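I have placed the structure first, in the form of structure tokens, so that the comments after it can refer back to it.
The values are calculated or read from the model by the stated rules, or taken from the named source; none is laboratory data. Predicted model only: the values in this text are computed from it and were never measured. Every residue, glycine as well, gets a Cβ built from its backbone with ideal geometry; the counts of neighbours run over all protein chains shown. All accessible areas refer to the heavy atoms of the entire protein, side chains included, with ligands and DNA or RNA removed. Shrake-Rupley method; radii C 1.70, N 1.55, O 1.52, S 1.80 Å.
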Amino acid sequence: MTTKTHAKARASGKVILFGEHAVVYGTNAIAAGIDRGAVASVERKPHGPSALRIGTRTVTADRDAKDDLAAAFAALLDTKPALPAMHVEARSDLPPGGGLGSSAALAVAIARAAEALEGESANDASVLERAAAWERVFHGNPSGIDATAAAKGGIFRYARADGATPIEPGADFLFCVGSTGQPSSTRTTVELIASRRERDPALVERSIAAIASIVGNAILAIEAGDHRAVGDLMNMNQHVLSGLFVSTSELEDLCAIARGAGALGAKLTGGGGGGCVIALVAPVLGPLGEHDEAKEAENADKILNAWLHAEGRYEGFATRIPAAKHAHPSKHAGENP
Ligand code: PMV
């Protein structure tokens, strides 16, 4: 076995397209890896404790630390198989606490780089276990969807019991991601729903069932390349999430602005209570049914500019989920508004 002194790795951020929060209770959600993500560089140290630097913050691994980052780093390193002492530098180009899986992307990048120190390519299962241990410190009861997206990328449905199952989109889907600029604490919103469920189980169970049915229809709409249906279902999903009180006035504002600027649908993505929204950009198809990416980028710019020029000066970016290789655009995909 070769041992290395340095190693580097990356992992994707993600957007949850449908089903956040309900997925914690065992239903399906739909997520997709995005280009933005996290990178980690690892250097072997002669002895411990291991240290982690992210931006200007440096922590040493300590399971009992009050600082979540120090405790999460220790939890990641303590997961088997054992790792040598190391110094880690990591960074993410995702907004922290933005509902884009920044924490899971960091965990997966660090775990991959750390395992690569031992000279073997990182093992997917143990990388996911390490990331889950890290996420439990931050999130309390993570469904695992973030870590799975960070490790695997692509678009997939996810349930706690089955893990990830790839979805084959029938067409390209272009989304704008807009940030409220306010951090969202997934732990807080997950706990908020859990305590509401204790007080009023029927109400929360109804919302979970509604989201489960939206997700089921969304899988069919994505596979059919039916942008209009996907947009409508996003709006419905947002409605149910608002009813669970995980939306905020800024998230609602971002959704309304996007719809006003031509988005076919918009919803919060991730934990809510702050963080980001996703908005579906109207497709533009050429004569052979191919996506006119330049014209679609113009549609995306309309949404991004509307966010930027709104009172909140919301920043955003566009991200494309490509059609499955053998997909043929359906008749619905050709419905340019
Ligand atoms: O806020 P994020 O990106 O960590 O997404 C959390 C998704 C939830 O469904 C709200 C929680 C979970 O663990 O699945």
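Okay, here's what the table says:
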| read-out | value |
| --- | --- |
| Debye intensity ratio I(q)/I(0), log10, region 132-249, q values 0.23 Å⁻¹ (C-alpha model) | -1.56 |
| Percent carbon-and-sulfur accessible area, region 196-310, ignoring ligands, DNA and RNA, probe 1.4 Å | 56 percent |
| Accessible area of region 1-145 belonging to carbon and sulfur atoms, whole % at 1.4 Å probe | 51 percent |
| Mean ellipticity per residue at 222 nm, deg cm²/dmol - from DSSP H runs of n ≥ 4 across the chain, formula -39500 (n - 2.57) | -13000 deg cm²/dmol |
| Degrees separating the helix 186-199 axis from the principal Cα axis of the chain, which is the longest one | 70 degrees |
| Helix 102-116 vs. the chain, principal-axis angle (Cα, 0 to 90°, nearest 10) | 40 degrees |
| In order through region 58-64: 3J(HN,Hα) via Karplus (6.51 cos²θ - 1.76 cosθ + 1.60), integer Hz, x for Gly, Pro | 10, 10, 9, 4, 7, 4, 9 |
| Two-site label geometry, ALA85 and THR60: point separation in nm, points 7 Å out along Cα→Cβ | 0.9 nm |
| Note, ³J(HN,Hα) from phi for region 287-296, Karplus 6.51, -1.76, 1.60, rounded to Hz, x at Gly and Pro | x, 9, x, 7, 6, 8, 5, 5, 5, 5 |
| Exposure rule at most 16 other beta-carbon atoms within 10 Å, DSSP loop GluC sites (Glu not before Pro): the chain longest free segment | 121-289 |
| Backbone HN-Hα couplings from phi across region 37-54 [Karplus 6.51/-1.76/1.60, Hz, Gly and Pro as x] | x, 10, 10, 9, 10, 10, 10, 5, 10, x, 8, x, x, 6, 10, 10, 10, 10 |
| R0 of 25 Å, Cβ-Cβ distance ASN123-LYS8: FRET efficiency to nearest 0.05 | 0.90 |
| Probe 1.4 Å, accessible area per residue of region 23-174, Å² | 40 Å² |
| Sites GLU168 and ASP78, calculated FRET efficiency, Cβ-Cβ separation with R0 45 Å, nearest 0.05 | 0.75 |
| Separation of alpha-carbon centers, region 101-174 and region 1-69, rounded to whole Å | 9 Å |
| Tensor-based shape of region 107-188 (alpha-carbon gyration tensor, a/c under 1.5 rounded, otherwise prolate or oblate) | oblate |
| Pairs of Cα atoms farther than 16 Å apart, region 231-295, % | 47 percent |
| Peptide ranges 49-61, 66-78 listed from the most packed, as the mean C-beta count within 10 angstrom indicates | 66-78, 49-61 |
| Rg to Rh, two decimals, where region 191-337 supplies the alpha carbon set and Rh follows Kirkwood | 1.01 |
| Debye, to nearest 20: dipole size of the chain, +1 on Lys, Arg Cβ, -1 on Asp, Glu Cβ | 600 debye |
| For the chain, the fraction of alpha-carbon pairs in successive 20 Å shells from zero, as % | 32, 55, 13, 0 |
